[in-house]
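Written below as structure tokens is the structure these notes are about.
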Amino acid sequence: MTREVERTEDGRWIVVDGRRWRAQDPQLPDDVRERLLHHLGVGRSGVRTAKKAGDDAAVTAARALVQAAKTGLGERGAKWWEQSDDERRARWEAALAALDDAG
């Protein structure tokens, strides 16, 4: 079941259970978004697995993957609406390069 996500009028934020979260950069090409979301899922899975195993170093490494993916998506780091087109592209390209090297 997929539920519709509420967005603010300016499109910069989504609202989930009354809490505001930064939206993904709408300028992301679909293939880039898919790759970043894949890395995000792998990172989140890694956090769960490492926590169950009690492996603090692996938790830290997996959280770094989550951070990099969310930064690439524009959900963390510099606000995408304050970046130029070139800065936005550089952000997601750097995130993908780091994530691809880590995986």
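Values quoted throughout were computed directly from the atomic coordinates according to the rules given, and no laboratory measurement underlies them. Only a predicted model underlies this, so the values are computations on that prediction, with no experimental measurement involved. Because the Cβ atoms are built from the backbone with ideal geometry, glycine has one as well, and the counts that use them run over all protein chains shown.
Key figures for this structure:
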| item | result |
| --- | --- |
| Sum of -39500 (n - 2.57) over DSSP H runs of 4+, divided by residues of the chain (222 nm, nearest 500) | -20000 deg cm²/dmol |
| Partners for Lys79 among lysines (Cα-Cα distance below 25 Å; same-chain residues under 8 apart left out) | Lys70 |
| Inter-probe distance in nm under a simple model that places probes 7 Å from Cα toward Cβ, at Arg44 and Ser84 | 3.4 |
| Span from the the range 59-90 Cα centroid across to the the range 1-58 one, whole angstrom | 11 |
| Long-range amide H partners of Trp13 with built H, under 5 Å | Thr8, Ala23 |
| Residue-by-residue Karplus 3J(HN,Hα) for the range 63-75, coefficients 6.51, -1.76, 1.60, Hz, glycine and proline x | 5, 5, 5, 4, 4, 5, 5, 5, 5, x, 6, x, 7 |
